[in-house]
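No value in this document is a laboratory result; all are computed from the given coordinates. Keep in mind that this is a model prediction, so the values were computed, not measured. Glycine gets a Cβ as well: all are built from the backbone with ideal geometry, and neighbour counts include every protein chain shown.
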Ligand SMILES: Nc1ncnc2c1ncn2[C@@H]1O[C@H](COP(=O)(O)OP(=O)(O)O)[C@@H](O)[C@H]1O
Ligand SMILES: [Mg+2]
């Protein structure tokens, strides 16, 4: 319930506050206008009744008392005034007129010119008011007879023409529309910033934000772009450092290899040379990694299902003995946005691990929702020792102590795979299956 009353988004909240403010102002404005209008009407009615009633009075005061009834019947007086001649003041069941209205009518009656002082009424009583929509006025004529007038008061209307309300509603709707539009426009940069941050998470080389618009937005965009540039430079520096170290290690390794040839003990020489080979392989892998990281491959649309099947086919060609243990399960086609060479490297590594350490590979492509694609690579091998699970992602960490040429790499396969997937905004995790064997789960946002 609370969620419905107080919306979550900044745009909706701002719009709600502004619309509430607008509504308050409109209601207050309408009330002030209506009250003022009603006051003016009250004044106008008092003046109108005063003129007409005093007119009647003056005519009758100037008429011979015996002829008054006849004259009164002849006088034009309008349907809303009922005058009677009586020996007594008006006998009414109406409340005393509210003081301000009584005063209003009395003042107005006194303002109407009467003629000579002998014409002035000897007594004046007023009952009723706008609340009862009736007024009764009694005037004692100079000779002792009472002229009592009942007046119907027109209801007070807060606005005059029906067009007023239509115009008012139209104006309010226009203001509300304008408010919604302005709020959407003003909060758009927040969305853009969030999207840019999201894009930067997937790709450090994402294009910069446009640095225009209102000052605050431009300042935020500049700050964001500066931050992105710093992150990019940081990543580049690290990669460059890595490559430089790898590069500089090559020469001493070559020199050592030459020197090792002079070791007399054959067994020792063999061991030294094997170690140096291993070192060289590590350096080469490091350099390859640095090279990959520096080539900024473009993100393209690619068919992930197709890619996975191709990798399995290639793995089957390379290892004919496990050909019947390589399986793909999932849709025939699924388009994702990614860097195709990098993604290929990830799955080649994972499938190679499954084949080399598990003797089989089951690749499953699932698309659990419209935001994430999940690929699982499973095998039926021995799995990974629980203590090793965290460490397999460390660079150069291998389950096997020797850097065996047959089982592939130097221990950079998983760290590189994770690196690539995280650069795509996804991830790789590895776990043991309850049924035995290991399972690598790759997530990729679409
Ligand atoms: N499917 C798997 N089954 C068992 N062990 C695995 C599996 N995948 C990876 N490992 C272990 O994780 C280590 C690191 O893997 P990786 O980073 O690909 O390096 P490499 O394959 O070059 O040894 C491997 O040496 C292996 O011990
Ligand atoms: Mg590997």
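Worth a mention:
- Extending 7 Å from the Cα toward the beta-carbon at both residue 274 and residue 233 defines two label points whose distance is 4.8 nm.
- 0 to 90° range, to nearest 10: angle between helix 340-353 axis and the chain longest Cα axis: 50
- A crude spin-label estimate for the pair residue 212 and residue 240, with each label 7 Å from Cα along the Cβ direction, gives 3.3 nm.
- Peptides 213-225, 42-54, 416-428, ordered by how many other C-beta atoms sit within 10 Å of their residues on average, highest first, read 416-428, 42-54, 213-225.
- Between residue 74 and residue 197, the simple spin-label model (points 7 angstrom out along Cα→Cβ) gives 9.3 nm.
- For segment 1-70, pairs of C-alpha atoms spaced more than 20 angstrom apart make up 65 percent of the total.
- Alpha-carbon geometry of the chain: the Rg and the Dmax are 48.2, 161 Å, given in that order.
- Counting every other Cβ atom within 10 Å of each residue's Cβ, 99, 430, 231 order from fewest to most as 99, 231, 430.
- Per-bin percent of Cα-Cα distances, segment 110-179 [10 Å]: 16, 25, 20, 14, 12, 9, 3, 0
- By the compact-protein rule of thumb, 2.2 N^0.38 Å, the alpha-carbon radius of gyration of segment 331-381 corresponds to a ratio of 1.23.
- Degrees, to the nearest 10: 215-260 long Cα axis against longest axis of the chain: 0
- Taking every Cα-Cα distance in segment 116-246 and sorting them into 10 Å bins starting at zero, the pair-distance distribution P(r) comes out as 10, 17, 13, 10, 9, 8, 8, 8, 8, 6, 3, 2, 1 percent.
- Neighbour-count ranking [beta-carbon atoms within 10 angstrom, fewest first] of 257, 439, 150: 257, 150, 439
- Cα-based radius of gyration for segment 203-296, normalised by 2.2 N^0.38 Å, reads 1.82.
- Label zone of residue 63 (point 7 Å out along Cα→Cβ, amide N under 18 Å): in segment 141-183 this covers 141-151.
- Additional length obtainable on full extension of the chain from residue 33 to residue 160, 0.36 nm per residue less Cα span: 44.6 nm
- The distance from the alpha carbon centre of segment 280-306 to that of segment 71-134 is 103 Å, rounded to a whole number.
- MRE, 222 nm, helices only [DSSP H, n ≥ 4, -39500 (n - 2.57), over the chain, to nearest 500]: -18500 deg cm²/dmol
- Average silhouette area of segment 296-358, convex hull of alpha-carbon atoms, in square nanometres: 4.5
- Nearest-ten-degree value, helix 10-61 long axis tilted from longest Cα axis of the chain: 10
- Length gained when the stretch residue 188-residue 25 is fully extended (0.36 nm per residue, less Cα-Cα span): 56.0 nm
- Calculated FRET efficiency for the pair residue 389/residue 261, C-beta based, R₀ 51 Å, to 0.05: 0.75
- For residue 324 and residue 303, a Förster radius of 30 Å and the Cβ-Cβ distance give a FRET efficiency of 0.75, rounded to the nearest 0.05.
- Treating each Cα of segment 2-152 as one equal point scatterer and applying the Debye formula with no solvent, the log10 of I(q)/I(0) at q = 0.12 Å⁻¹ comes out as -0.58.
- Rg to Rh quotient for segment 298-445, alpha carbon positions, Kirkwood Rh: 0.94
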